[in-house]
């Protein structure tokens, strides 16, 4: 009976870890997609520089451009889905004008599109039923 209980507890612990990691990945995916699609686009440099990483944030800008955002979303999804429970997920953008864009510099997007993307992640978190 004790062995059976111990096995059930181990199995439940594994389910909790898997569910928590999936929850984390889905929140990051929602934020990533919302932030990329919410970013105003001219050359596509700002959209192409939303970079997902695991363990530590990326601190440099890339030369990537992505006017539609589709390639950046797909790239980030691959990284996000590879996250393990203990690996923090970062989504960063290091182009020089990203703060100005978020402050409303472009008429294409309202100020605060980054904050709106984070709200999309919060909504996803509240809607998810992680554990049965």
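Condition check: part of a helix (DSSP H, G or I) and either surrounded by 13 or more Cβ atoms within 10 Å (Cβ to Cβ) or in contact with a helix residue (DSSP H, G or I) (Cβ under 6 Å, 6 or more places away or on another chain) (or both). Does residue 10 satisfy that? Can you show your working first?
Values: part of a helix (DSSP H, G or I): yes; either surrounded by 13 or more Cβ atoms within 10 Å (Cβ to Cβ) or in contact with a helix residue (DSSP H, G or I) (Cβ under 6 Å, 6 or more places away or on another chain) (or both): no.
Considered against the rule, which asks whether it is part of a helix (DSSP H, G or I) and either surrounded by 13 or more Cβ atoms within 10 Å (Cβ to Cβ) or in contact with a helix residue (DSSP H, G or I) (Cβ under 6 Å, 6 or more places away or on another chain) (or both), residue 10 comes out as no.
Between 84, 20, which is surrounded by fewer than 16 Cβ atoms within 10 Å (Cβ to Cβ), touching a helix residue (DSSP H, G or I) at 6+ places or on another chain (Cβ under 8 Å) and on the phi < 0 side of the Ramachandran plot?
84 is the lone residue from the list that is surrounded by fewer than 16 Cβ atoms within 10 Å (Cβ to Cβ), touching a helix residue (DSSP H, G or I) at 6+ places or on another chain (Cβ under 8 Å) and on the phi < 0 side of the Ramachandran plot.
Quick one: which of 58, 36 is farther than 27 Å from residue 127 by Cβ and under 16 Å from the mean Cα position of the chain (by Cα)?
Working: 36 fails: farther than 27 Å from residue 127 by Cβ.
Matching residue, one of 58, 36: 58.
So which of 52, 87, 120 ends up being under 23 Å from residue 17 (Cβ atoms) and under 12 Å from the mean Cα position of the chain (by Cα)?
On the way: 87 fails: under 12 Å from the mean Cα position of the chain (by Cα); 120 fails: under 23 Å from residue 17 (Cβ atoms).
Result: 52 is the single residue among 52, 87, 120 that is under 23 Å from residue 17 (Cβ atoms) and under 12 Å from the mean Cα position of the chain (by Cα).
Of all residues in the range 76-132 being touching a strand residue (DSSP E or B) at 6+ places or on another chain (Cβ under 6 Å) and part of a loop (DSSP other than H, G, I, E, B), which is nearest to residue 30 (Cα to Cα)?
Among them, the one singled out is 83.
Suppose the filter is in a helix (DSSP H, G or I) and either without any contact (Cβ under 8 Å) to a residue 60 or more places away in the chain or surrounded by fewer than 19 Cβ atoms within 10 Å (Cβ to Cβ) (or both); does residue 73 pass it?
Details: in a helix (DSSP H, G or I): yes; either without any contact (Cβ under 8 Å) to a residue 60 or more places away in the chain or surrounded by fewer than 19 Cβ atoms within 10 Å (Cβ to Cβ) (or both): yes.
Answer is yes for this residue.
State the number of residues belonging to the range 41-60 that are touching a helix residue (DSSP H, G or I) at 6+ places or on another chain (Cβ under 9 Å) and either surrounded by 20 or more Cβ atoms within 10 Å (Cβ to Cβ) or modelled with pLDDT under 95 (or both).
Residues meeting the conditions: 8.
The values are calculated or read from the model by the stated rules, or taken from the named source; none is laboratory data. Please read all numbers here as calculations on a predicted model, not as lab measurements. Methodologically, a virtual Cβ is constructed for each residue, glycine included, from the backbone with ideal geometry; neighbour enumeration extends over all protein chains shown.
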